[in-house]
Each structure stands twice: as C-alpha cells, then as structure tokens.
Amino acid sequence: MSDITSINHKIIGQIYDAAIEPTLWPELLVSLSEGLDEILVGTQKNSHIKAVADLGALQSDNHSYEQSIHSDALGIIASHIGKAIEISEKLDNSVQVENSYRLIFERLPIPTFIINEQLGLVSQNRLADDFLQNQQDISVQDNLIQFRTQSLAVELKNAIKTLSEETGKNSVSIRLSDHNDTKPGSLLISRAQLGSDNNSSNNYLILIASPSIPSEISLEFLTETYGLTPREAEVAIQIAASKTPKEIANQNNTSINTVRAQIKSIYLKTDVSRQSELVKLILTSPFLAQRISDNDYNDQPHDKLRPSLNRTILLSDGRTLGFAEYGDIKGEPVFVFHPSTGSRLQAHPNDEIARSLGARLIIPDRPGFGLSSPLPGRTLSDWPDDVEQLASQLGIERFSIVGFCGGAPYALSCGQKSHKRIKHVSIVSGVTPFDNINLLHGVNTTNRILLKAATLLPNSLFNLVSIIIRGMVNDPAQYLDQLHGHLCKTDSDALSEPDFLENFISALGEALRQGPRSFSEEQILFSREWEFKPRDVKTPVTLWHGGQDQHVSVQLAERLGHELPNSHSFILPNYGHFLIYHRWRDILSHHLAQLAH
C-alpha cells in the first residue's frame with residue numbers, strides 16, 4: 001500500500017504541474033505509464049479488466065477489483081486529473097480572453113489609448129502610434145498624456161471624474177477644435193473593458209474619432225448587425241467620424257431634418273441615446289470583436305485553404321460532414337481515412353503523385369474532427385453510412401478506400417458493411433482489433449498511456465487527453481521531439497522533412513479544432529472489442545506495415561492479415577509507422593491496380 005501511495009503522490013504533483021504548464025505533459029505520461037503499470041500488475045491478479053462502451057464505466061469478471069487498493073489508487077488519480085483539468089481550463093480561458101482582448105484593442109480601426117486616472121499611458125495600439133507622429137494636439141511625455149491646450153487636459157480629467165463617480169455614465173465625448181484636415185474630430189472616453197487585469201476598472205479607454213474612420217467600417221457589417229438601411233449605415237459611419245448633423249447633411253446633399261430622422265432611427269435600432277454611445281458601440285462592438293476574433297485570433301488552417309480542401313455536405317440526420325479533395329478531380333475515386341491525430345488535411349505533400357496516377361483522393365473528417373459535426377456515442381459501424389452518403393452526393397457509385405493508422409478500423413468497417421460499393425481496401429500502418437495488453441508491446445509512451453487510460457481510467461481519458469492536447473497546441477515542436485525519441489530512422493527522417501512536418505502539424509491542429517473529445521472517444525473505440533470480426537470483412541484488403549513500427553507492432557498487423565479472409569500483406573522491414581510518406585507512390589499505384597481485378 002505504501003508503494004501505491006508513493007506512486008500517487010508523485011503522479012498527483014505532476015498532474016497539477018502539467019495542468020498549469022501543459023508542455024510538461026511528456027514527464028506526466030512517463031510517470032502515469034509507470035504508475036499504471038504497477039496498478040495493472042496488481043489488478044491482473046484479481047480480474048480481467050476491459051473498457052466498455054461509454055466513457056464512464058469499467059467492467060470486470062468480479063467485484064474484487066473495485067474493492068481493492070488498486071481501485072482506490074485509480075480513483076485518487078482520476079479525481080485529481082478531474083480537478084487539475086478544471087484549473088487548466090480556467091487558466092486557459094483566462095489567457096485566451098486576455099489575448100483576445102489585446103487583439104481586439106490592437107485591431108480597433110481608430111487610434112486608441114488606455115490611460116489611468118492620473119492620465120498615465122497604460123497602452124496604445126499601432127494606429128495610436130501613427131497618430132502621435134502626425135499631429136500636435138496630443139502627445140506623450142514621460143508616459144503621460146499631454147495636450148496642446150490646458151483646457152483639453154482639464155476636460156479629460158473632468159470626464160474621468162464623471163465616469164468614476166457616476167455609475168450610470170458609460171462614456172463622455174470631448175470635441176476637439178479642427179483648424180486643419182489632420183486634426184481629430186473628438187475624443188470618446190469610457191471605462192476600459194479590454195482586459196482581465198484586476199486594475200482595469202481604474203483604467204480608461206480613449207477612442208479618437210477622425211475623418212479616416214469611414215474607410216475602416218463596413219456598410220455590410222452595420223446593416224447585417226444592427227438592421228440599418230444602407231443610408232442609415234452611411235450616416236452612422238459619418239457619426240463615428242465625429243461629423244455633426246449639419247456636416248452630414250451638407251456632405252449627403254440632404255436636409256438637416258432628414259439627417260436628424262435618420263439619427264433617431266439609428267438610435268432606436270442600436271439601443272443608444274446619444275452620439276458618443278453610438279460611436280463607442282460601432283467601434284468596440286462585441287460583434288465586430290467576434291469577427292476579428294474569428295478571422296485572426298482563432299485563425300484555423302482551413303480558413304486559408306483553396307475551396308477543394310474546405311468542402312462540406314449535409315447528412316440525412318442534420319450533421320455536417322467536412323472533406324477535402326486532392327489529385328485528379330476526374331480520376332478514380334479513392335476515399336482516404338485519416339489517423340486519429342489527423343484530419344482531411346492529412347494528405348501526402350506531393351499531390352503530383354495522385355494526379356500522375358489518375359487518382360481522385362477524397363479525405364473526409366470523422367465526426368468531431370475538423371469541419372464534421374460530433375456524433376456522441378458513435379461506433380465504428382456508424383461511419384460507413386456517412387461515407388456512403390458522401391459518395392452518393394458526389395455522384396460516386398463504387399469506390400475504394402485507403403485507411404492510415406487510426407483510419408484503418410473505419411476502412412475495415414466499410415469493407416464489412418458497405419462491401420457492395422467498395423472495390424478494394426488498403427490498410428497502411430493500421431490499428432488492429434486485438435487484445436489491449438498485447439497491443440502495448442513495442443508501442444511508444446504516448447500510445448501506451450492512452451491505451452492504459454482507456455482501459456483503467458476511461459472516465460478520466462478526456463481530461464488526460466485535454467492536458468496533452470493543450471501541450472501539443474502550445475508547443476507542437478515539443479510533441480514532435482517527444483515522438484522522435486521513439487521513432488526508427490525512416491520515421492525520424494519523415495518528420496524532419498519540412499513539407500511533411502508542416503502537413504502533419506496543420507492536420508493535427510485541424511483535427512483538434514473542436515477540442516479533444518472526439519480524439520478521446522477514438523481511444524475508447526480502439527481499446528474495446530470492435531462490433532465486427534476481421535473474418536466478416538468481405539472486401540479484398542491489402543495490408544502495408546513497417547517492421548519497425550513503434551505505434552502498432554508488426555506482429556499484430558500480421559495477425560490481422562491472417563484473420564482477414566481475402567487479404568495480402570506487404571511487410572517492409574526497414575520502415576516504421578510513417579512508411580506512407582516514403583512509399584506513397586508504390587502504395588497508391590498497387591491500390592489502383594487492384595481495382596481492375
């Protein structure tokens with residue numbers, strides 16, 4: 001019992017360390033792997049444990065396991081993983097909010113300052129830097145805001161005093177004198193709400209309205225967001241540029257009464273009561289912030305891709321299925337199923353191989369990956385229906401499949417369930433359906449711990465993967481360094497190639513764009529008994545496997561080959577898990593040749 005307790009203490013400390021600093025996850029995995037080994041040894045003396053269909057249950061042949069100290073140890077570890085992930089999520093959310101606020105502040109389309117009650121400069125965006133260099137009304141000296149006239153300084157101090165004393169007052173506008181075109185029209189002062197700092201309540205935001213504002217705000221944004229008419233949107237932009245109603249009337253060649261009616265309508269639609277509030281609403285709108293956040297801060301790989309890599313269909317149950325196409329668009333249709341750490345973006349970096357061979361590669365995102373909607377409680381047997389719908393909507397009657405790594409179980413499921421539409425299945429470095437304990441042989445640390453967690457701590461797997469994923473996203477180079485220590489030379493060479501590495505990282509990022517839950521679900525799916533047996537797969541299958549594969553041992557691949565009723569295996573002794581990178585032309589060429597049989 002003391003040994004188990006000492007293991008617990010060590011692991012618990014590292015769980016919280018990794019939750020606070022996710023890049024420490026490799027050390028946590030090593031400790032968890034060693035600790036669960038100790039627990040597993042004791043467990044096997046009493047019962048045979050297997051993962052069950054949901055994330056939150058364990059089943060054994062008898063109840064002695066739950067009553068043992070090993071069960072207590074697992075419960076303690078699981079409890080602390082849960083608490084640690086709560087801390088991690090709070091920290092992560094705090095950082096994301098802070099970064100998002102900073103981005104919004106930087107991307108505001110006008111010169112913007114944050115100051116304190118003493119007019120000390122806290123921060124300024126890039127447009128404020130440019131503004132300070134091109135006019136003389138406002139300057140910064142000794143980190144204090146200075147004005148050309150004393151009266152402006154007094155007005156600003158009074159505005160800050162008003163905002164600090166009147167809780168119902170949101171903003172104050174100060175009109176600046178305009179004696180040439182470079183002068184700002186007005187200052188809008190409000191409480192700073194662009195940060196999570198505890199002292200932010202004592203800071204104030206200064207927006208500088210100037211004639212350059214109209215070119216920075218989209219008419220479409222105002223009409224879509226607030227329901228303004230195009231003419232009202234134009235007037236709102238002019239107001240944001242600090243134009244008076246008379247100036248707007250002259251510029252628009254209309255009457256002052258018409259402008260006043262338009263302004264009244266704008267106020268009603270935007271739920272404000274004065275010009276200063278409207279200016280602030282337009283320039284710091286959460287809707288505008290959301291657009292900035294979506295397009296910049298949360299920039300996802302698919303946002304910059306050509307349309308063929310960013311396609312979706314609507315499935316019969318209302319879910320979205322994302323997919324990408326590569327190679328020869330008029331060629332032989334080949335569906336490629338990505339690994340668990342991949343997505344529709346995981347294609348060989350040399351697309352010329354597929355084009356030259358006349359192959360149309362179609363790579364769908366599985367549920368919860370990339371652009372595809374999640375499917376809670378999904379099974380391997382759910383996937384063939386999604387694939388058949390995709391093929392039908394693309395006008396494809398018969399097709400073939402290549403499954404790589406974690407895509408292999410799904411490929412075999414299609415070969416069993418949809419065999420009438422599938423010509424051939426090729427499996428490359430594929431996950432197998434066999435005993436979890438045997439599967440641990442020769443597998444690297446990350447895979448071992450995920451399989452053990454799926455078996456012993458299924459309810460904590462999501463939280464554990466969340467910590468790992470945060471580490472991967474924060475520092476993908478560290479994740480790859482951790483991989484390198486467990487790879488053979490050909491795998492290490494593959495990850496050293498810039499094109500392959502870039503594709504691997506972008507596909508991983510897209511795989512996890514909705515979070516780690518679907519990845520966690522796949523570990524559960526792969527660790528429990530599949531819904532079908534290899535002997536039930538009627539489609540012809542070709543297996544490609546590396547003799548030095550450290551993810552899935554070659555012995556298990558050979559066993560799978562023996563159990564499939566119509567298969568042929570290529571075992572490449574000098575290659576590892578990423579043999580698909582080195583031998584893609586051979587694999588795809590052979591695959592296409594089988595379609596003529």
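No lab work stands behind these numbers, since they all come straight from the coordinates. Here the structure is a predicted model, which is why all the values come from computation and not from measurement. Neighbour counts run over all protein chains shown; Cβ positions are idealised from the backbone, glycine included.
Each residue, K161 and R126, gets one label point 7 Å from its Cα in the Cβ direction; the gap between the two is 3.9 nm.
Amide H contacts of F335 (H built 1.01 Å from N, in plane; Pro and chain starts excluded): I362, S400, I401, V402 sit under 5 Å, all sequence-distant by 5 or more or on other chains. Label positions at S273 and I329, each projected 7 Å from the Cα along the C-beta direction, are separated by 5.7 nm. Under 5 Å between amide hydrogens, built in the peptide plane, is the criterion, and for K243 it picks out nothing among residues at least 5 positions away or on other chains. Per-residue 3J(HN,Hα) values for the range 260-268, derived from phi via the Karplus relation 6.51 cos²θ - 1.76 cosθ + 1.60 with θ = phi - 60°, read 4, 5, 5, 5, 4, 5, 4, 4, 5 Hz in sequence order (x marks Gly and Pro).
Each residue of the range 111-122 is assigned a 3J(HN,Hα), and the resulting list reads x, 9, 10, 10, 10, 9, 5, 8, 6, x, 7, 8 Hz, derived from the Karplus form 6.51 cos²θ - 1.76 cosθ + 1.60 (θ = phi - 60°), x at Gly and Pro. Taking 0.36 nm per residue of separation and subtracting the current Cα-Cα distance, fully stretching the chain between R398 and T244 would add 48.7 nm.
Less than 5 angstrom separates the built amide H of S372 from those of G322, all sequence-distant by 5 or more or on a different chain.
Under the shape rule built on the C-alpha gyration tensor, where the axes satisfy a ≥ b ≥ c, the range 326-400 is oblate, since a/c reaches at least 1.5 while a/b does not exceed b/c.
If the segment from I76 to H597 were pulled out straight at 0.36 nm per residue, it would be longer than the present Cα-Cα gap by 181.9 nm.
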